[in-house]
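K.L.:
Sharing a structure with you now.
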Amino acid sequence: MSEQSARSRARWAIREGAIIGGILGFWLVALLALTLLLSVVANVALMLNLEPFYFFHSQSMQFVLPLVLQAATANVALYTLVRVGMLIIDHWRKTSPAVQGA
């Protein structure tokens, strides 16, 4: 975000929002894939009369969603923290008298 015009700031904000949306979309796809995988395992276990595996499926669904949500939140928070840090460092390099040679 080197330019300061309103149009460039809007483009930057949209691009950053799209990246964060992409991260959350990735975790949503991961949640769906994990849910489908556990459902297939549960159905196979049910057909083969393997009660422990079916019990595992019913218990695992209680912690899969919170686990994925926490991973997505941590991922977005880390991305945001790194981007803010990069912006602060870039601003410091542009405005610091020591870096500009004064």
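The values are calculated or read from the model by the stated rules, or taken from the named source; none is laboratory data. Quick caveat: nothing in here was measured; it's all calculated off a predicted structure. Here the Cβ positions follow ideal geometry from the backbone for every residue, glycine too, while neighbour counts run over all protein chains shown.
K.L.:
Could you grab the pairs with beta carbons closer than 8 Å, sequence gap of 6+ or different chains, first residue in the range 81-102 and hydrophobic (A, V, I, L, M, F, W, C), second one modelled with pLDDT of 80 or more?
P.N.:
Cβ pairs passing all conditions: Val99/Trp92; Val99/Arg93.
K.L.:
Is there a residue being among the acidic types (Asp, Glu) and within 20 Å of the chain's Cα centre (by Cα) anywhere in the range 11-24?
P.N.:
yes
K.L.:
Now for a separate question. Which of (1) more than 28 Å from the chain's Cα centre (by Cα); (2) surrounded by 12 or more Cβ atoms within 10 Å (Cβ to Cβ) does Ser39 not meet, given it meets every other one?
P.N.:
Of (1) more than 28 Å from the chain's Cα centre (by Cα); (2) surrounded by 12 or more Cβ atoms within 10 Å (Cβ to Cβ), only one is false for Ser39: (1).
K.L.:
Let me ask something else. Out of (1) in contact with a helix residue (DSSP H, G or I) (Cβ under 8 Å, 6 or more places away or on another chain); (2) over 30 Å from Arg83 (Cα atoms), the odd one out for Leu48 is which?
P.N.:
Evaluating Leu48 over (1) in contact with a helix residue (DSSP H, G or I) (Cβ under 8 Å, 6 or more places away or on another chain); (2) over 30 Å from Arg83 (Cα atoms) leaves (1) as the failure.
K.L.:
Right, here's the next one. Can you tell me which of (1) within 30 Å of Glu16 (Cα to Cα); (2) surrounded by fewer than 14 Cβ atoms within 10 Å (Cβ to Cβ); (3) at pLDDT 85 or above is the one Val68 doesn't meet?
P.N.:
Evaluating Val68 over (1) within 30 Å of Glu16 (Cα to Cα); (2) surrounded by fewer than 14 Cβ atoms within 10 Å (Cβ to Cβ); (3) at pLDDT 85 or above leaves (2) as the failure.
K.L.:
Right, here's the next one. Do you know which of the residues in the range 1-43 that are under 30 Å from Ser58 (Cα atoms) and of a type in the set (Val, Ile, Thr) is modelled with the highest pLDDT?
P.N.:
Val29
K.L.:
Is it the case that some residue within the range 29-43 is within 30 Å of Gln4 (Cα to Cα), free of Cβ contacts under 8 Å to residues at least 40 places away in the same chain and assigned to a helix (DSSP H, G or I)?
P.N.:
no
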